[in-house]
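Encoded as structure tokens, the structure appears first; notes follow it.
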Amino acid sequence: MKREELTQEHLKELLLYNQETGIFTWKYRSIDMFKNARYYKMWNDRYANTIAGNKAKSYNVIALHNKQYLSRRLAWLYVYGEFPKEKLDNIDGDLWNDSIKNLRTATLSDTQNKQKQKINNTYMMGVSRDKRVEKMPFKAEIMVKNKRIYLGLFKTEQEAHNAYVEAKRQISPEFCML
């Protein structure tokens, strides 16, 4: 069964979404969704009532009709009836937490909130390691309107992160690190 555009109605035929946990599970499918009874039985025995999706890079991904969707986008469609027009951000910074209360629409610069990430051997936002410079090995950068802005080189990871946080606060006064 192929669909041009995935709708909320069709999504709810295929998956059950728990808004508190953010987890999707496959629903039991009727025989009319399959070529024959063999595929119908095989699919339901294997997938019905199991968690949908897999982890690709940093996000949960679910394949529907040979197309992959971020589970956060499916959660939005499931609850609000349409795909988000902007990017979605996990408010708490946990990229695996797709509960609807934890999702918000955001611009690219808004999505640089409290994410715990590891980039070039550092866990601090806006910081990467520059192995070419021994005395000041930590580089701070920030993205603003899809452009990377260089903030400088620093002796410690914490100094580089502090420069990032200060720049972020100037760009987005509502920015707050927990």
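Just so you know, all these numbers are worked out from the coordinates, no wet-lab data involved. This is a predicted model, so every value here is computed, not measured. Cβ: placed from backbone, ideal geometry, glycine included. Neighbour counts: every protein chain shown.
Fully extending the segment from D94 to K135 would add 11.4 nm, taking 0.36 nm per residue of separation and subtracting the current Cα-Cα distance. Largest first, the extents of the alpha carbon coordinates of segment 127-171 on the three principal axes equal 30, 18, 11 Å. Only the Cβ atoms of Lys and Arg (+1) and of Asp and Glu (-1) were treated as charged; on that basis the dipole of segment 8-106 about its Cα centre amounts to roughly 400 debye. Ranked from largest, the principal axis spans of the Cα set of segment 8-106 equal 44, 24, 23 Å. On the beta carbon distance between H65 and K87, with R0 = 35 Å, the FRET formula returns roughly 0.90.
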